[in-house]
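The values are calculated or read from the model by the stated rules, or taken from the named source; none is laboratory data. Predicted model only: the values in this text are computed from it and were never measured. Reconstructed Cβ throughout: ideal geometry from the backbone, glycine too, with neighbour counts over all protein chains shown. Keep in mind that these areas ignore ligands, DNA and RNA; they rest on the heavy atoms of the full protein, side chains included. Shrake-Rupley method; radii C 1.70, N 1.55, O 1.52, S 1.80 Å.
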Protein chains: 2
Amino acid sequence: MVELNFDKMGGLIPAIVQEAETGEVLMLAFMNKAAWQATLTTGKATYYSRTRQSLWVKGETSGNLQIVKEIRIDCDDDTVLLKVEQVGGAACHTGYKSCFFKTVEGESIRVNGQPVFNPKEVYTK
Amino acid sequence: MVELNFDKMGGLIPAIVQEAETGEVLMLAFMNKAAWQATLTTGKATYYSRTRQSLWVKGETSGNLQIVKEIRIDCDDDTVLLKVEQVGGAACHTGYKSCFFKTVEGESIRVNGQPVFNPKEVYTK
């Protein structure tokens, strides 16, 4: 397994998630060593949830899995860039395609696009 | 100033840096509140260097500034996405355009592309 440097952030590394086809940045999450291993072996993006303190297969609840197409690592091996196919067309738990749907314009925020799904219908538990 | 949530990482937030024109992800860095403020007011990407423990205007040594074209924030206001014009054509201190020049292929690493500059010539201090 390709070794990463998990030491800088106490066992975690940031993972940038980009849509393979368009290059749109979908989200940022964190991986611990187990999440990195699971992502490599299953081909499904797996992160570490800091709030739940557990492994988190992205889409396990919503069905919106991320199928890993390419994995890049940075110059000093402490950040991952995943290029994925986003099942269901949306990565954000709010229903938007990308978590980065807000543009900062001076003192205000402009929202880009529309939600792809209604979170209330997807997260029913 | 648009407020971000700096609490989750002890005063820091991750900033993903994407080339505005191509969508290529160039690097990931961290911002504290002062770096966020400086980025907003100067239009030049400014980070917090964890190793030097100080503000870091990207390109202050190499001349390879990042001119901010668009700023996005994520759903829960704890991550920034900068779309930038990369002066000098390379963001990575190794001389590569992107810090993410290494692709993981099973147990091995494939290097993408060639360095744009020779770090020994740029960082002479």
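Structural remarks
- The protein assembly as shown shape via C-alpha gyration tensor axes, a/c threshold 1.5: oblate
- Axis-nearest residue of B (beta carbon) for the B-onto-A rotation, whole Å: B:G23, 2
- Over the protein assembly as shown, accessible surface divided per residue gives 47 Å², non-protein components excluded, 1.4 Å probe.
- Label spacing, shortest first and in nm, from A:V122 to its equivalents in the remaining copies (7 angstrom along Cα→Cβ): 3.8
- Virtual spin-label span in nm between B:L55 and B:E107, 7 Å along Cα→Cβ: 4.9 nm
- Accessible carbon and sulfur surface of the protein assembly as shown relative to its total accessible area, %, 1.4 Å: 48 percent
- Note on chain B: along the principal axes its Cα atoms extend 39, 37, 29 Å, ordered by decreasing extent.
- Scanning residues 5 or more positions from A:L26 or on other chains, those with amide H under 5 Å from its amide H are A:V17, A:Q18, A:E19, with H placed 1.01 Å from N in the peptide plane.
- Among the GluC sites (Glu not before Pro) found in region A:86-122, those both in a DSSP coil and sparsely packed, with 12 or fewer other Cβ atoms within 10 Å of their Cβ, are A:E107.
- Across the identical copies, how the B:Q37 labels are spaced - nm, sorted shortest first, 7 Å along Cα→Cβ: 4.4
- Degrees separating the helix A:33-42 axis from the principal Cα axis of chain A, which is the longest one: 80 degrees
- In this structure A:W36 has an accessible area near 0 Å², from a 1.4 Å probe over the protein heavy atoms.
- Under 5 Å between amide hydrogens, built in the peptide plane, is the criterion, and for B:V116 it picks out B:Y96, B:K97 among residues at least 5 positions away or on other chains.
- Distances in nm from B:D77 to the matching label points in the other copies, shortest first (labels 7 Å along Cα to Cβ): 3.8
- For the peptide A:63-75, the mean number of other protein chain Cβ atoms found within 10 angstrom of a residue's Cβ is 4.
- Structural descriptor for region A:1-70: relative contact order 21 percent, calculated from alpha carbon pairs under 8 angstrom and at least 6 residues apart.
- A dipole drawn for the protein assembly as shown from +1 and -1 charges on Cβ atoms has a positive end, and of B:M31, A:V17, B:S62 the residue lying farthest that way is B:M31.
- Alpha-carbon centroids, region B:65-87 and region B:6-48: separation in whole Å: 6 Å
- In terms of accessible area, using a 1.4 Å probe and ignoring ligands and nucleic acids, B:K120, A:K83, B:K44 rank largest first as B:K120, B:K44, A:K83.
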